[in-house]
Structures are given as structure tokens and as C-alpha cells.
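A.B. asks: Let me begin by handing over the structure; questions about it come next.
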Amino acid sequence: MLFTPSVLAAHDGSFQFIKTPAVTAVAAQRDPAVAATVSSMLLDIENRGLDAVRDYAAKLDRWDGSDFELTSEAIASSGSRLAPDLRAAIELGGERTRAFATEQRSRLTDFETEYLPGVITGVKYVPVARVGAYLPAGRFPLTASAFMTVGVAKASGVDTVIACTPPQPNGGANDAVVYAAHVSGVDRVFTIGGVQALASMAFGLLGELPVDMLVGAGNAFVAEAKRQLFGVTSIDLLAGPSEVAVIADETADPEIVAADLLGQAEHGPNSPAALITTSLELAHAVNAAIDRQLETLETVAIAGAAWRDYGSIVVASSREVAAALMDDLAPEHLEVITADDDWYHATLRNYGSLFIGPWSTVAYSDKGMAGTNHVLPTAGGAKHSAGLSPSRFVKPLTYQRISKEATPHLAHAVQVISDSEGMAAHSATATMRLDRL
């Protein structure tokens, strides 16, 4: 997350930095070496198929040569190997995410209208047929990812959802990740990681037809593979390191603000975290609270590096300036903890997902308990895109039904435009129908 120089210039004198990032490069930038490696791998897999996938799996994932696919029995029994409280939490997260997605899908309704006599047009929402979900299980197994990808796809009416997840050091899949996929309605699960997983699903190498859409987060190689495979298949979005931003005023608890900033910084050492506040006192208090909390945080090596290199604190002179600066950042996750929460909710327009009030922490969505989706745009993408939802899994297909009696209302104007363009065949499709009236 970086401010646009022109926006900073427009508000010059209306804000001050208390902490600036130590690294000024965009955290989500593409590494040319990563792009070249992914391009080479995808070409190899496209040419050699599963043989190449097996080679990369053995080299990169320490795959031992057993079958990639988990049996239906292994998928269904994955929950029995979990602690009862973890199993119950996974079931709860899957249920809530599915419930919210089902409600969203219900609002995408077919319609038909006759805006001229005999000119009937409409929209029919049709789900894509096949989705491939990538379920990360690296440094931190993101258990709830299956809720957001597999579960939402199924709630949207997708017939077939397959998933790939990288093997663990023991060669097997992560049971919590697999069980989350199971309760979300997954059809098949394969223990394959990284670029080779996405290529296998996109090229139809897993005993299925090529998927129509790839979804799910991953590391830089996974993100780059999705970018290069876009066109071969659709994708959800291109997401970089996880981001969090907070707007707070003097009414906010600095310890809570600090904890929520570190909560997302914990995702990785290049995860940006930003505070924009209208209170100088709060700015210094949060800065100090972060230093204190890092002293005892088990993931200090990750969260501390992220805060040092990509953390920022800005004091704005007014709520209007705070909102303008935040809209420029367009963060993935945005918390608002102020006495003016409703005003900010009505005013802000660029964010992946909004968390309103001191009781609404990002982690509630991250782990599936709020029901909203955590697959969200990063690196300023919220200025033009929204997160994953049922609307991404369905195609709004338009249709038209024109009567003979309505032909004069359309054909003559089409003839005129087509003739002006020199498109004689287009013109003929209209004039022939006029001749037959």
C-alpha cells in the first residue's frame, strides 16, 4: 500500500507521517525472475503433461510418487484426526460462509423486460461448470480458504469444484485444510502445490476437463501462475501480500488498534499495515503499543519485520482528509474505529472489506466466522475491483426475443448505421427482415 504522489500533493499540509515504511517499493510488485520461472514451468507442463507435474512435485514438494488424489474416504475421515474444538470451529466457519454466500446468490436474480412492444430482453445467471481451488498450506495453513473458494462456488451453483493443496513434510495433506474443503462440498482433492497445481487444473491433467476458473490465494509463484493462465481460464483476482489499514480517532483503544495491525502483519514479512488517525496522541500511543506487543508476540520475526518495513502511521487534520487518504490507499482490509463510524461507512469507497467499530476485527472474517469472503483485492486493486463472491462464479447471460411487429423499430436504424460503416452484410440482416414484413 503506497499513497499516490498527486493525492499527497493535493493534501499537502493537512497530514503528517509519524511512521513511514522502511521499504518504498510496492510490496506486491512482480519479480521478473518469478515470472520467468513460472513461464518456463507452465510451458513445460503444457508440453509434457503429468510427467512434468510429477517431476516438479518431487523436486519442489518432496512428493514421494504416490497418487496425487485423496480418496473420498480420506477426505471424509480428515475431521476425525482433528481436535474436537478445531473440527467444530471448521464446521461453524463453513456454515456461516455458505449462509452469507447463499444470501448473496439469492440477490442475483434473472429478469426479463419488454421496453418496447415486441422487444423482449433479459438476463439469465448461469454458474460456470468447473472451478479449481488452490488451498494454501505453507507457513500457515489457511484453513478458512476452502470456505471462501470451494464453499462459495458450491453455494453459487457450480457443478464441479476440485481443489489442490501442497503436501506437508510427512507427504500427506493438511487434515484441517482437507476437512474445511470437505464441509464446503469439494468434489475431489489433490495433494499438489504451487505452479504445477494450477497448471494441472487449468490444462485438465487430473482426470477432469480443464477448469473454467481458478480461485484461491498463494505465494508469489502461485499469483504469477494465475496471471499467466488468465485467458486459458478465468481467475478470481490477482492478490499480493495481505494488507490491513485502520482509521481511528481519539476514542479508539490503542492496544486494540495495535493488535489488529499486527494481526494482519503476521501474514508475512511483506504485509503492509497502515494507521490513519485524526489524533496525534493516538498515533504515538499505537506506535508504542505495537513495540510492546511485539516483545511477547510468538510471530515477532514475521509481524515485526512487516511492521518495520511496510508499516505506516499518518495523522490527518480532519476526517475528510483521513477518508481521502484512505481511499487512495484502497486497502484489502479496512477497520474503522471512531466516533463517526457511520460517516466513514457512507463516505469511504475503496476497500476490499470494511470492519466497522471496535468489536469488528479482521480475524473474524479471515477465519470464516463473520461469513464474508476473505479473498480480496490488494495493492490498490480495490479502486476498481471487489472481492470473491457468488457474482464471480455466475455469468449474467443476456438474451433477446424480437417479434415481427417490432422489426420496424430496430431494422431501419441498424441499416443506416451499418451502411455508414460500410458493413453491407450487417445491413442485409436488417433489410431482409424489413422486406419480409
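A.B. asks: Taking the Cα centroid of the range 56-96 and of the range 361-423, what is the distance between the two, rounded to the nearest whole Å?
C.D. replies: 35 Å
A.B. asks: Please compute the Cα-Cα pair-distance distribution of the chain with 20 Å bins starting at 0, giving whole percents from short to long.
C.D. replies: Cα pair-distance distribution for the chain, in percent: 23, 47, 25, 5, 0.
A.B. asks: Next question, about the same structure. Any chance you could run the full-extension gain for Val232 through Leu60? It's 0.36 nm times the residue separation minus the Cα-Cα distance, nm to one decimal.
C.D. replies: On the way: separation 172, 0.36 × 172 = 61.92 nm, distance 2.41 nm.
Taking 0.36 nm per residue and subtracting the Cα distance, the gain is 59.5 nm.
A.B. asks: Report, in deg cm²/dmol and to the nearest 500, the calculated mean residue ellipticity at 222 nm for the chain, where each DSSP H run with n ≥ 4 adds -39500 (n - 2.57) and the sum is divided by the residue count.
C.D. replies: Details: 18 runs with 188 residues, N = 437.
Calculated at 222 nm, the ellipticity per residue is -13000 deg cm²/dmol.
A.B. asks: Let me ask you something else. With 10 Å bins from zero, work out the P(r) of the range 223-302 over every alpha carbon pair and list the percent per bin.
C.D. replies: Each 10 Å bin holds this share of Cα pairs: 17, 38, 23, 14, 8, 0.
A.B. asks: Let me ask something additional. Pick out, from Tyr115, Leu82, Ala181, the residue whose Cα sits farthest towards the positive end of the charge dipole of the range 32-235, with +1 on the Cβ of Lys and Arg and -1 on the Cβ of Asp and Glu.
C.D. replies: Leu82
A.B. asks: Need one number: convex hull volume per residue for the range 145-245, Cα atoms only, in Å³.
C.D. replies: Values: hull volume 11.8 nm³, N = 101.
Output value, Cα hull per residue: 117 Å³.
A.B. asks: Which FRET efficiency value, to the nearest 0.05, do you get for Thr121 and Leu43 by plugging their Cβ-Cβ distance into 1/(1 + (r/R0)^6) with R0 = 45 Å? Let's see the in-between values first.
C.D. replies: Numbers: r = 43 Å, r/R0 = 0.96.
Calculated transfer efficiency: 0.55.
A.B. asks: Related question: Multiply the residue gap between Ala33 and Thr20 by 0.36 nm, knock off their C-alpha separation, and tell me the result in nm, one decimal place.
C.D. replies: Working: separation 13, 0.36 × 13 = 4.68 nm, distance 2.81 nm.
Gain on extension, Ala33 to Thr20, equals 1.9 nm.
A.B. asks: Also, quick follow-up: Given the options Ala406, Ala303, Ala52, state which has the largest fluctuation in a GNM of the chain using a 10 Å cut-off (strictly under) for Cα springs.
C.D. replies: Result: Ala406 has the largest fluctuation of those listed.
A.B. asks: While we're on this one: What nm distance separates the two modelled labels at Leu397 and Glu114, each placed 7 Å from Cα along Cα→Cβ?
C.D. replies: 2.4 nm
A.B. asks: A 27 angstrom limit on the alpha carbon distance is what I want to check against. Which of Lys59/Lys395; Lys154/Lys226; Lys226/Lys383; Lys59/Lys367; Lys124/Lys367 exceed it?
C.D. replies: Numbers: Lys59/Lys395 39 Å; Lys154/Lys226 21 Å; Lys226/Lys383 21 Å; Lys59/Lys367 32 Å; Lys124/Lys367 33 Å.
As for pairs spanning more than 27 Å Cα to Cα, those are Lys59/Lys395; Lys59/Lys367; Lys124/Lys367.
A.B. asks: Still on this model: What is the Cα radius of gyration of the range 319-415 over 2.2 N^0.38 Å, N being its residue count? Don't jump to the answer; show the numbers that get you there.
C.D. replies: Values: Rg = 20.9 Å, N = 97, 2.2 N^0.38 = 12.5 Å.
For the range 319-415, the normalised Cα radius of gyration comes out at 1.67.
A.B. asks: Using 1/(1 + (r/R0)^6) with R0 = 56 angstrom and r between the beta carbons of Trp359 and Leu434, what's the FRET efficiency to the nearest 0.05?
C.D. replies: Working: r = 66 Å, r/R0 = 1.17.
E(calc), rounded to 0.05, equals 0.30.
A.B. asks: I need Met148, Met1 ordered by Cβ neighbour count within 10 Å, fewest first. Could you put the intermediate results ahead of the total?
C.D. replies: Working: Met148 31, Met1 26.
Least crowded to most crowded, the residues run Met1, Met148.
A.B. asks: Taking the radius of gyration and the Kirkwood hydrodynamic radius from Cα positions alone, what is the Rg/Rh ratio for the range 56-102, to two decimal places? All intermediate terms of the calculation are to be shown ahead of the outcome.
C.D. replies: On the way: Rg = 15.4 Å, Rh = 13.3 Å.
Expressed as Rg/Rh, it is 1.16.
A.B. asks: So, by mean Cβ neighbours within 10 angstrom, what's the order for 304-310, 43-49 with the highest one leading? Let's see the in-between values first.
C.D. replies: Details: 304-310: 21.9, 43-49: 15.0.
Descending mean neighbour count gives 304-310, 43-49.
Taken together, the values in this text are just the output of simple stated rules run on the coordinates, not laboratory data. Keep in mind that this is a model prediction, so the values were computed, not measured. All Cβ positions, glycine included, derive from the backbone under ideal geometry; neighbour counts span all protein chains shown.
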